[in-house]
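Taking it in order: structure first as structure tokens, then the write-up.
The values are calculated or read from the model by the stated rules, or taken from the named source; none is laboratory data. The structure displayed is predicted, hence computed values, not measured ones. Ideal geometry is used to build each Cβ from the backbone, glycine not excepted, and the neighbour counts take in all protein chains shown.
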Amino acid sequence: MIAVLIVEDEPGVREGLGRAVAKLGHRAVPAAGLGEARRLVATESVDCVLLDLRLRDGDGLELLRELRAGRHRDVPVIVATAYGDSERTIQAMRDGAFDYLTKPFDFPLLLATVERAVKQRALVQTLAPPASLPPARGGLVGTSAAMLGIWKLIGRAAASEAPVLITGETGTGKELVARAVHDYSTRSAAPFVAVNLAALPPTLLESELFGHERGAFTGATARRPGRVEAAGGGTLFLDEVGDLDGALQTKLLRVLSDGSYERVGGDDRLVSRARILSASNKAVRPGEAGCVLRDDLYYRLAVIEIEVPPLRARRSDIPLLVAHALEGTAARAVSEEAMGHLLAHRWSGNVRELIHVIQRAAALAGGEVIDVPNLPDGVRDERERYTREPDDEGVTLHEAVAAVEKRLIVRALARAGGNRSEAARQLGIGRSQLYLKIEEYGIDVPGGRGEGSSG
């Protein structure tokens, strides 16, 4: 019988998890804290671990690292916490957690995760953590389900040496994701060299990437190393890789294959030790309309692929992003009505556009609070149906966010023809969470109150 170690210091939660695990036909092995868990793993054979990170007698990450470094290194560990903390999510996934769940538990999702962990135990990748974890840099902000998925992928990518392709619309923060992967990797002390391939003319791009020898072309008065060489044993980030022309794609494929390249005008074979991360806001997958990237290059670049969601797919992160954008400005807050407009806007420029709007509004506000008149016309005029009507008064931020959430759920249910399972999948939440939201908002589900006409 499969044994699932449950490390949880709240008796009621621990017992509930035990009953749920038992319903799967597995044996629950309860532990009320780190001390008891350590005693059990020293004497018991366990097949899966459910681990609360915040325990009264210590940090659950300590046990995770001990398990990864000891004889239980192959055992999948599912970590959980009541606190949405991107830093700890990255740490947990980077230190080898199988998955990361937040409380209160979505029990169908939790049990499905346990079953998936047990079935894939032989495939779980384990890596010992480095002696120290560097602090995160950049501006990645968010606690939505979509961003939790990104934190997980960053952690897994940081634990690997494989190339990573980051896709997403303009302004979503692809370079910030790349920097986070670098910062949390074992290469963090080495250079992070970024190259925007779309910003350089093709005539200069080869020299910029690979360097040139003296006399290679008019004006080449001395040898100059390229960005590949400058990256050394660090990370080379190639932004807008979908814009690379055919000849340079061939040269990049060679670097990815065996690390070798030559400077322009030179014959000496050089070898790169850099890890390559890349990004694109264009079609790069084989078969996609408008894709100019070679199939073999795509498969080399996208060993790990991270798709960064647009801001409209994670509207609940907007208040946090606004607070982040206000740092360093004279303004300290945004009025509730102005926040309603921000929540309603489509944000075609994504996070980059939002930060620009907030910093501009802060400069125009002339005080500590940004109000509707300080917002650009395009944001002021676009109300849609996500937020309150103009004649409503006294709406709170909580109500504005709830209005957004309700509207997204209604739209997802409509697209899914009333099938709640499909709607939950589209929204990136558990089915039981969707049920609770439907009841909370009094949403009339198309096709009846069940699973829908198709489910």
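Consider residue 347 against the criteria (1) in a loop (DSSP other than H, G, I, E, B); (2) surrounded by fewer than 17 Cβ atoms within 10 Å (Cβ to Cβ); (3) touching a helix residue (DSSP H, G or I) at 6+ places or on another chain (Cβ under 6 Å): it satisfies all of them except one. Which criterion is unmet?
(2)
Only residues that are β-branched (Val, Ile, Thr) and under 25 Å from residue 245 (Cα atoms): list them for the stretch 178-196, please. Spell out how you get there, then give the answer.
Of the residues in the stretch 178-196, the ones β-branched (Val, Ile, Thr) are 181, 186, 193, 195.
Across the stretch 178-196, the qualifying residues are 193, 195.
Output the number of residues of the stretch 260-284 satisfying the condition of being within 29 Å of residue 186 (Cα to Cα) and surrounded by 15 or more Cβ atoms within 10 Å (Cβ to Cβ).
Of all residues in the stretch 260-284, those within 29 Å of residue 186 (Cα to Cα) come to 260-263, 269-281, 284.
Now restrict to residues that are surrounded by 15 or more Cβ atoms within 10 Å (Cβ to Cβ): 261-263, 270, 272, 274-281, 284.
Of the residues in that region, 14 qualify.
Consider the stretch 230-241. How many of its residues are free of Cβ contacts under 8 Å to residues at least 60 places away in the same chain and crowded, with 20+ Cβ neighbours inside 10 Å? Steps first, answer last, please.
Start the filter on the stretch 230-241 by keeping residues that are free of Cβ contacts under 8 Å to residues at least 60 places away in the same chain, which leaves 230-236, 238, 240.
Those still in the list that are crowded, with 20+ Cβ neighbours inside 10 Å too: 231, 235-236, 238.
Looking only at that region, the number is 4.
Anything in the stretch 231-249 that is assigned to a helix (DSSP H, G or I) and either under 14 Å from residue 293 (Cα atoms) or modelled with pLDDT under 95 (or both)? List them, or say none.
Result: 241, 242, 243, 246, 247, 248, 249.
Residue check, residue 197 against (1) loosely packed, with under 13 Cβ neighbours inside 10 Å; (2) of a type in the set (A, V, I, L, M); (3) closer than 18 Å to residue 277 by Cα, all met but one. Which one?
Among (1) loosely packed, with under 13 Cβ neighbours inside 10 Å; (2) of a type in the set (A, V, I, L, M); (3) closer than 18 Å to residue 277 by Cα, the lone unmet condition for residue 197 is (1).
Take the residues in the stretch 184-229 that are part of a helix (DSSP H, G or I) and small (Gly, Ala, Ser); name whichever of them is farthest from the chain's Cα centre (by Cα).
That would be 207.
For residue 301, are the conditions met, namely being modelled with pLDDT under 95 and surrounded by 14 or more Cβ atoms within 10 Å (Cβ to Cβ)?
On the way: modelled with pLDDT under 95: no; surrounded by 14 or more Cβ atoms within 10 Å (Cβ to Cβ): yes.
Here the answer is no, as residue 301 does not meet what is asked.
Is one or more of the residues making up the stretch 101-121 at pLDDT below 80, within 19 Å of the chain's Cα centre (by Cα), hydroxyl-bearing (Ser, Thr, Tyr) and not in a helix (DSSP H, G or I)?
The answer is no; no qualifying residue exists.
Give the residue that is nearest to residue 245 (Cα to Cα), with candidates limited to residues of the stretch 200-227 that are among the small types (Gly, Ala, Ser) and free of Cβ contacts under 8 Å to residues at least 40 places away in the same chain. Walk me through it before giving the result.
At the first step, the residues of the stretch 200-227 found to be among the small types (Gly, Ala, Ser) are 207, 211, 215-216, 219-220, 222, 226.
Then keep just the ones that are free of Cβ contacts under 8 Å to residues at least 40 places away in the same chain; that gives 219, 222, 226.
Working: 219: 24, 222: 26, 226: 18 Å.
Checking each candidate, the answer is 226.
Restricting to the stretch 201-229, name every residue that is crowded, with 21+ Cβ neighbours inside 10 Å and either of a type in the set (Phe, Trp, Tyr) or more than 16 Å from residue 278 (Cα to Cα) (or both).
Scanning the stretch 201-229 gives 210, 211, 212, 226.
Only one of 386, 435 is part of a helix (DSSP H, G or I), out of contact with any Pro (no Cβ under 9 Å at 6 or more places or on another chain), of a type in the set (Phe, Trp, Tyr) and modelled with pLDDT under 80; which?
Details: 386 fails: part of a helix (DSSP H, G or I).
One residue alone meets the criteria, 435.
Does the stretch 170-181 hold any residues that are surrounded by 20 or more Cβ atoms within 10 Å (Cβ to Cβ) and touching a helix residue (DSSP H, G or I) at 6+ places or on another chain (Cβ under 8 Å), and which are they?
The answer is 171, 172, 173, 177, 180, 181.
Search the stretch 280-313 for residues being part of a strand (DSSP E or B), out of contact with any Leu (no Cβ under 7 Å at 6 or more places or on another chain) and not hydroxyl-bearing (Ser, Thr, Tyr), and hand back the single one that is farthest from residue 248 (Cα to Cα).
307
Kindly establish whether residue 323 is surrounded by fewer than 17 Cβ atoms within 10 Å (Cβ to Cβ), at pLDDT below 95, within 20 Å of the chain's Cα centre (by Cα) and in a helix (DSSP H, G or I).
Numbers: surrounded by fewer than 17 Cβ atoms within 10 Å (Cβ to Cβ): yes; at pLDDT below 95: yes; within 20 Å of the chain's Cα centre (by Cα): yes; in a helix (DSSP H, G or I): yes.
Here the answer is yes, as residue 323 does meet what is asked.
Check residue 290 against each of (1) loosely packed, with under 15 Cβ neighbours inside 10 Å; (2) within 22 Å of residue 175 (Cβ to Cβ) and name the one condition it does not meet.
(2)
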